[in-house]
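Working notes, structure below.
All of the numbers you see were taken from the coordinates with simple rules; none came from a lab. Computed from a predicted structure; not experimentally measured. Here Cβ is always computed from backbone atoms with ideal geometry, including for glycine, and neighbour counts include all displayed protein chains.
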Amino acid sequence: MSVSHNNQPLPHFSDIINAQSVLKNIVKRTPLERSKSFSAMSGANVYMKLENLQTTGSFKVRGAYYKISNLTAKETAAGVLCASAGNHAQGVAYAATKLGVKSTVFMPVFAPPLKVIATRAYGAEVILTGDTFDDAFKAAAEFGEKTGATFVHPFNDPYIIAGQGTVGLEIFEQLRDIDDVLVPIGGGGLIAGIAIAMKQLNPRIRVIGVEADGAQSMKVSIEKGEPIVLNSVSTIADGIAVKSPGNLTFDVTRELVDELIVVNDAEIARSAYLLLQRAKILAEPAGVAAMAAVLFNKTNLKGRNVVPVISGGNINMSILEQILEKGVMDEGYRARIAVLIPDQAGMLKSIISILEKVKASIHDIYHERSTTSVPIGFVQVTITFNLQDTSQLATILTELENRKMQYQVLK
């Protein structure tokens, strides 16, 4: 390992090769699949690296296992800990249990229950403490000082970076003729490992980092020339909502990554919907950031062989519901209208009869009488319904107009 500007070791290509041998038969060799649909949509030849199918649902287990496997006997006896409410927690829990090491994971009290359950199921002791991630992190640090347990950093660690770099080795083994690899960036562990691997295997391969618009810590740091800390982050892609990159990941990114680009939440949500609808692939918002960059033409990829890394699939169910709802409505197969009608018997039935004519199925109905915006003697009916054809909405609206009903199409 070489040394970063902060005198910490940077992993070499040989470290990634060693990590691959350690991880053999431990982690999955995830598929690299060409997408005909996304290739046609983007004009590039798109090959998806599906780390959402990895054990624990993300790439994180690679680095966690390699890190813990390199602990000394004394460190192993003291156990490991981390502070995370996401994929890193599950990766550490699984890896530690696999290696027979006690693991303790600190999460804020608002952590999604399903992630708490999953982390415990992988064998970790989960301690819920504090209202924020910083509170949980502080509690983890105090626990480490008291017990001597080793803190497993989510990204700023040479073993973590080397472990994540095995994703790059696999991509190259699965497809030699690569022009571009697009990688989501949170703290930068994944892109640092992949960049080290790719630039050693073929320096002509472009490595492109993708951040969420509301969490551009790496991009801003590179522009400033040093790691900086953002005041706040805001994105649906919680897996890459990181305020500051590590000094190790910053150094590797500055040296080896060719381009940094950003995608917004709307583009991330649309890409997650398209992955599920077109490719039958369930991925979390952070996991689809690289695909969003491809589908929304954030850089010139036309005619090139490109590999977006789909980094994880552990999506929050409430976010998934919203993504599906918006996706179906954006495509015109679901609509929502608010209709103002006299508060009289039979008026609702007249609206429903219009929907029945085009065989639209009602998703839900909501009545509102009590707001000041609804005149006395009237009721506002909000109806969400599914359509068989995108042209049917215009037919419904025309019929409402013919019956002199006031309406508004809602998004």
| task | With the Cα gyration tensor of the stretch 332-410 in hand, convert its eigenvalues to equivalent ellipsoid semi-axes via √(5λ) and list them largest first in whole Å. | result | 21, 13, 11
| request: Could you check what % of the DSSP bridge pairs in the chain are antiparallel, to the nearest 5? | output: 50
| task | Distance between Cα centroids, the stretch 221-245 to the stretch 19-43: provide it in whole Å. | result | 27
| remark: Diffusion coefficient in µm²/s returned for the stretch 27-83 by Stokes-Einstein, Kirkwood Rh over C-alpha pairs, 37 °C and 0.692 mPa s, is 234
| query | Dipole size in debye (nearest 20) for the chain around its Cα centre, Lys and Arg Cβ +1, Asp and Glu Cβ -1? | reply | 860
| Mean residue ellipticity at 222 nm from the helices of the chain, using -39,500 (n - 2.57) per DSSP H segment of n ≥ 4 over the full residue count, to the nearest 500 deg cm²/dmol? | -13000 deg cm²/dmol
| request: For an R0 of 51 angstrom, estimate the FRET efficiency from the Cβ-Cβ distance between K74 and E321 and round to the nearest 0.05. | output: 0.60
| query | Over the C-alpha atoms of the chain, what are the Rg and the largest Cα-to-Cα span, Dmax, in Å? | reply | 24.8, 80
| request: Grab the eigenvalues of the alpha-carbon gyration tensor for the stretch 194-346, scale each by 5, take roots, and send me the semi-axes largest first in whole angstrom. | output: 36, 19, 12
| task | State, as an integer percentage, the relative contact order of the stretch 332-410 based on alpha-carbon contacts under 8 Å between residues 6 or more apart. | result | 49
| request: Tell me, rounded to the nearest percent, the portion of alpha carbon pairs in the stretch 95-243 spaced more than 27 Å apart. | output: 34
| Cβ crowding within 10 Å averaged over residues, with 298-305, 78-85, 115-122, 214-221 ranked highest first | 78-85, 214-221, 115-122, 298-305
| task | Could you size up the charge dipole of the stretch 304-386 around its Cα centre, putting +1 on the beta carbon of Lys and Arg and -1 on that of Asp and Glu, and report it in debye to the nearest 20? | result | 200
| query | Going from the alpha-carbon gyration tensor of the stretch 80-148, what semi-axes, largest first and in whole Å, does one get by taking the root of 5 times each eigenvalue? | reply | 17, 15, 8
| said: Tell me the relative contact order for the chain as a rounded percent, counting alpha carbon contacts under 8 Å between residues six or more apart. | reply: 15
| task | Calculate the radius of gyration of the Cα atoms of the stretch 221-268 to one decimal place, then report Dmax, the largest Cα-Cα distance, as a whole number, both in Å. | result | 11.7, 31
| said: How large is the direction-averaged shadow of the alpha-carbon convex hull of the stretch 118-176, in nm²? | reply: 6.2
